[in-house]
Structure formats: structure tokens, C-alpha cells
Amino acid sequence: MSTLDRLQTRISELPISVPAVLELASVCICIGLFVGTFVALASGIPGAESGAAGTAGAGGAADAADAGDTIGGSGGAELLWLGIIAVGAAFVVFWTALVPLVERVYY
């Protein structure tokens, strides 16, 4: 008996349904992404300037040069957006690549 066959036997003997756990985890991840998106939208769009620092002033060239030096918004908002994108991308890869592979091997 190969290692893959032993692993398949051990998984099938578990008292839980693996597809049910995957689906429940997927629902939880989707809810988390949905809530996280609204929290990120409330905290600001990354790269958008906050306040009137870049909008006021008669020295348009000086304001334009200063606007390129820093990115507006807080670092926390940018990390939140990055986290949402990373989790969403991992979720898509999981369901489009890994789940079909597991289904072919075990079912």
C-alpha cells in the first residue's frame, strides 16, 4: 500500500466530512472578505490623498512635486487592502487549482 493510499484511507475514516469543512471554511472566508472590504473602504483608498494638503495652494508645481513624494492615507489602510487582495487571490487559487486536484486524487 502506497503512502497516498494510506493517506486516502485515513482521511476517509475521519468522522467529519472534508467537503463540508471546505465549504464552511469558504463561507467564512467570503464573509471575512466582504466585511474586510467595507472596513477597508471606510478607512480610505490607498494612494488617495487625505485632507486638503495637495489641493490648496497657488504654487501648483510645488504642490504637484510634493504630491509625488508621499502616498496619502495611512499605512494600516494599505496593509488592509493588501491583506484583502492576498487572501482573495489565495482563495481563488485554492478553489481553481487545489480542490480539483484533491477531488481527482481522492474521488
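Of all residue pairs spaced 6 or more apart or on separate chains, those with beta-carbon atoms under 6 Å, a first member in region 1-16 that is in contact (Cβ under 8 Å) with a residue 24 or more places away in the chain and a second member that is in a helix (DSSP H, G or I) and not polar (S, T, N, Q) are GLN8/TYR106.
Report yes if GLU78 is at pLDDT 60 or above, closer than 25 Å to LEU4 by Cα, acidic (Asp, Glu) and surrounded by 10 or more Cβ atoms within 10 Å (Cβ to Cβ), otherwise no. The answer is no for GLU78.
If you filter region 17-35 down to residues that are of a type in the set (Gly, Ala, Ser), without any contact (Cβ under 8 Å) to a residue 12 or more places away in the chain and in a helix (DSSP H, G or I), you find that the one that is surrounded by the fewest Cβ atoms within 10 Å (Cβ to Cβ) is ALA20.
In region 8-26, the qualifying residues are those that are among the aliphatic types (A, V, I, L, M) and closer than 16 Å to VAL99 by Cα, and the one that is modelled with the lowest pLDDT is VAL18. For region 51-70, the condition of being at pLDDT 80 or above, in contact with a Gly (Cβ under 6 Å, 6 or more places away or on another chain) and either part of a helix (DSSP H, G or I) or under 30 Å from GLN8 (Cβ atoms) (or both) holds for none of the residues.
Collect the residues in region 27-50 that are at pLDDT 90 or above and of a type in the set (Ser, Thr, Tyr), keeping them in residue-number order. Residue satisfying the conditions is THR37 alone.
The values are calculated or read from the model by the stated rules, or taken from the named source; none is laboratory data. These figures come from a predicted structure and were not determined experimentally. Every residue, glycine as well, gets a Cβ built from its backbone with ideal geometry; the counts of neighbours run over all protein chains shown.
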